[in-house]
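Below is one structure, written out as structure tokens, with a few remarks after it.
Read the figures in this text as sums done on the coordinates, not as results from a lab. These numbers were taken from a predicted model, which means no experiment stands behind them. Please note: Cβ atoms are built from the backbone with ideal geometry, for glycine as well, and neighbour counts cover all protein chains shown.
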């Protein structure tokens with residue numbers, strides 16, 4: 001009985017090669033004091049079978065990389081996951097991943113290993129990050145028995161923090177895209193959404209630098225202050 | 001699978017979405033729309049997308065040799081020279097930079113800044129070089145930059161002509177290419193009969209008489225044969241040298257068809273010899289030039305000069321319109337066309353004067369017919385006002401009044417006849433039939449001196465019309481003296497120059513700091529801009545001022561610019577840019593007029609930039625920006 005067997009109680013599926021890859025995944029550290037430009041970021045968007053945090057599954061992963069302050073077109077990630085028993089749910093209308101596309105997808109364990117390789121030790125950015133963080137975390141735990149510990153920053157919080165003059169309440173990604181007049185291709189497709197989010201992030205990083213927040217740690221710190229203040233009862 | 005392989009794999013799948021989206025974006029703009037998909041995909045895959053906030057510097061001269069190629073994906077980039085805050089150019093969505101610096105492996109000379117929130121695709125130099133090697137379309141574009149854009153416009157114009165007329169014929173064709181046949185020649189001592197037989201056998205209208213080195217000595221044409229026969233010569237054994245036209249006019253094979261057409265029109269000849277290294281290498285006839293056109297320039301000019309009555313001239317005006325239309329379609333440039341219109345208008349005016357004198361009787365006083373404004377500058381388009389006057393010599397005031405009395409009835413009839421021929425009567429009454437514009441040389445000189453001495457707004461406006469004066473008919477000497485007087489006085493009067501500069505700055509070219517174009521809307525009309533007033537006038541006014549201030553006697557705006565460059569008043573590069581810009585605006589204006597004629601709309605100089613295609617819009621914007629630059633340089637020179 002392997003010492004690690006408890007790590008993957010429901011997953012007999014990983015072969016030896018996958019075990020090795022899993023063991024080699026780098027671990028992410030806390031956000032540092034380096035400049036925003038020096039930090040490699042992974043901007044993530046997931047399409048899921050629905051919005052239920054406990055029941056629904058990740059269907060596809062799209063991600064782009066911000067490195068050296070720019071979106072690098074040569075580093076993009078896109079996978080559709082093979083899900084054997086997905087029922088057709090209304091969200092198919094949004095993400096457009098029909099049963100045939102899902103059936104043509106790849107083994108979730110393989111896809112998730114690829115993805116975590118792609119991420120490396122970079123922090124993650126997503127619009128409404130807590131949702132993506134939770135869904136990805138659960139998928140990694142179910143398929144690989146891996147515990148996701150990478151820091152996430154929520155673009156939906158960063159945007160109003162850094163652009164207080166925008167006056168859009170409860171804004172969605174579409175609202176911000178419209179606000180900055182971003183030219184995006186096909187929305188509601190994991191990698192197109194990730195690219196749109198990344199373009200938004202480039203603007204936000206530029207604003208952050210103007211406001212003297214030129215490190216990931218500073219940005220995170222200001223973000224949590226802002227959230228606390230927002231949640232504090234106002235007198 | 002190794003990490004690198006995994007990334008490659010991931011990259012390949014992602015091509016489906018984001019790369020494809022960017023690809024589609026690029027395919028809306030030249031040169032990307034002409035590149036192969038594989039090359040374009042290579043470009044996009046190697047790109048980084050960067051964001052720049054307003055005012056953020058993208059490239060600057062101090063940063064050393066340029067390492068990246070940029071394409072504006074969204075937003076606007078402006079260029080600023082280090083020594084001024086003036087915007088020298090603007091780069092909009094879909095455009096790229098800095099080609100010259102990148103190819104020259106040097107730093108950029110201009111600082112490139114984001115004018116607003118701007119995204120740029122950035123390609124590193126090794127990838128740029130690879131793309132340069134891979135894609136012919138890209139290489140072509142990169143090497144020729146904006147001038148290749150202008151070429152594309154010209155190609156479009158000519159392509160349209162080919163579609164309309166099914167011909168490849170162009171006025172820019174080298175004469176060497178037009179003269180396909182070997183020229184028919186003979187020696188000076190050849191008997192007339194033998195020479196004519198040779199012409200008959202070869203089915204040509206001319207024979208060139210050459211010496212033993214093939215240098216042309218004379219030309220004998222069918223017209224000359226007519227003279228021989230009409231003169232009653234019966235001895236056809238005489239040597240041809242007795243009947244040929246001596247020292248025939250010639251051009252080099254590198255001259256253009258346009259040059260030959262102009263020479264034929266000016267000189268009333270039908271054949272031009274082509275000579276290279278003093279050897280005859282071809283003959284171009286009127287027929288060779290215009291074989292594809294029903295109306296031809298030379299024939300038209302001759303018909304005008306020989307028109308028996310004013311009514312015939314009126315009828316011929318319609319043919320001038322057709323000729324211009326055809327020439328524009330054949331790819332003639334705006335400069336060539338204004339030149340042709342001016343030439344034909346001059347012929348018309350001369351003929352009207354001759355016919356009027358024949359009709360009313362010769363007043364018995366020598367006079368010169370002057371023209372002003374665009375006619376004076378040789379920049380007329382098809383619809384044109386009369387701006388003319390009369391200059392004569394008189395001993396004193398009383399003598400001048402007497403001569404005026406003699407000339408005025410004739411002048412008024414000429415004005416009326418010209419109106420019949422399509423030269424609209426001038427609303428401001430700047431016409432020779434007006435006693436104030438039928439003056440002796442002393443009176444004109446006094447009048448012009450007053451304009452310069454008292455620079456009232458009214459006088460400034462008048463000087464902008466009258467100081468472009470030129471003689472159309474009659475002796476030119478008096479006019480030359482008047483012009484020299486103007487040049488001397490203006491050069492001497494800094495205050496007048498300054499007022500003229502102020503005047504030249506009044507019409508601002510309609511390009512905005514934040515938008516493409518600044519348009520004006522009249523009532524419910526679509527927003528438009530005025531190509532003449534807002535586009536050409538800044539160049540015309542600027543060139544006039546600088547020419548007068550620097551003793552340049554030329555009237556034509558492009559000629560003035562060229563001479564200003566020669567005198568080093570304007571930098572050579574700037575002069576070339578102004579010339580190209582002026583040229584393009586004029587061309588756009590003429591195409592607009594042509595379109596209006598075809599659709600039976602009234603003539604207008606207003607254009608809606610949205611009605612132009614992407615390329616034309618972009619070049620128009622750059623052209624108007626050149627007008628802006630010329631104005632800024634005036635403001636600097638005269639400290640306004």
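Ordered by the count of other Cβ atoms within 10 Å of each Cβ, fewest first, A:147, A:169 give A:169, A:147.
The largest-to-smallest principal axis extents of the Cα set in segment B:60-141 are 38, 26, 18 Å. Temperature 10 °C, viscosity 1.306 mPa s: under these conditions the Stokes-Einstein estimate for segment B:28-104, based on its Kirkwood radius over C-alpha pairs, is 113 µm² per second. Convex hull volume per residue, computed on the Cα atoms of the protein assembly as shown, equals 243 Å³. Averaged over peptide B:49-57, the number of partner chain Cβ atoms lying within 10 Å of each residue's Cβ comes to 5. For chain B, what's the relative contact order in percent, using C-alpha pairs closer than 8 Å and at least 6 residues apart? Averaging sequence separation for qualifying contacts and normalising by length gives 9 percent for chain B.
The angle between the Cα long axis of helix B:136-165 and the longest principal axis of the Cα atoms of chain B comes to about 50 degrees, rounded to the nearest 10.
Label reach from residue B:427 (point 7 Å along Cα→C-beta): in segment B:574-612, amide nitrogens under 14 Å belong to B:603-605.
Each of residue B:20 and residue B:315 was given a label point 7 Å from its Cα along the Cα-to-Cβ line. The distance between the two points is 6.7 nm.
With coordinates expressed along the principal axes, the C-alpha atoms belonging to chain B extend over 103, 69, 45 Å, beginning with the largest. Packing around the peptides B:21-29, B:545-553, A:50-58, taken as the average count of other Cβ atoms within 10 Å per residue, puts them in this order, highest first: B:545-553, B:21-29, A:50-58.
Only helices enter this figure: runs of n ≥ 4 DSSP H residues, each worth -39500 (n - 2.57), summed and divided by the residues of chain B, yield -16000 deg cm²/dmol at 222 nm to the nearest 500. Once the gyration tensor of the Cα atoms in segment A:101-159 is diagonalised, the equivalent ellipsoid follows with semi-axes of 22, 13, 11 Å, ordered largest first. Taking the square roots of 5 times each eigenvalue of the Cα gyration tensor of segment B:297-492, largest first, gives ellipsoid semi-axes of 29, 21, 13 Å. Summarising the strand pairing of chain B, around 85 percent of its internal DSSP beta bridges are antiparallel. Compared with the dominant principal axis of the Cα atoms in chain B, helix B:537-549 is inclined by about 60°.
Going by a ≥ b ≥ c, the root eigenvalues of the Cα gyration tensor, does segment B:175-290 fall in the rounded group (a/c under 1.5), the prolate group (a/b larger than b/c) or the oblate group? Prolate shape, in that a/c is at least 1.5 and a/b is the bigger ratio.
The share of Cα pairs per 10 Å bin across segment A:35-229, counted from zero up to the longest distance, runs 9, 37, 36, 16, 3 percent.
Of B:326, A:79, the sequence from fewest to most neighbouring Cβ atoms within 10 angstrom is B:326, A:79. For segment B:501-637, a Kirkwood radius taken over Cα pairs fed into Stokes-Einstein (20 °C, viscosity 1.002 mPa s) yields D = 138 µm²/s. Could you estimate the translational diffusion coefficient of segment B:327-388 from the Stokes-Einstein equation, with Rh from the Kirkwood formula over C-alpha pairs, at 10 °C and 1.306 mPa s, in whole µm²/s? For the chosen part, D equals 121 µm²/s. Computed from Cα atoms, the angle from the helix B:477-492 axis to the main principal axis of chain B rounds to 40 degrees. Mean partner shielding of peptide A:115-125, defined as the number of other chain Cβ atoms within 10 Å of each residue Cβ, is 1. The residue A:170 and residue A:138 beta-carbon pair, evaluated with R₀ = 25 Å, returns a calculated FRET efficiency of approximately 0.45.
Ordered by the number of other Cβ atoms lying within 10 Å of each residue's own Cβ, fewest first, B:271, B:383, B:112, B:213 fall into the sequence B:213, B:383, B:112, B:271.
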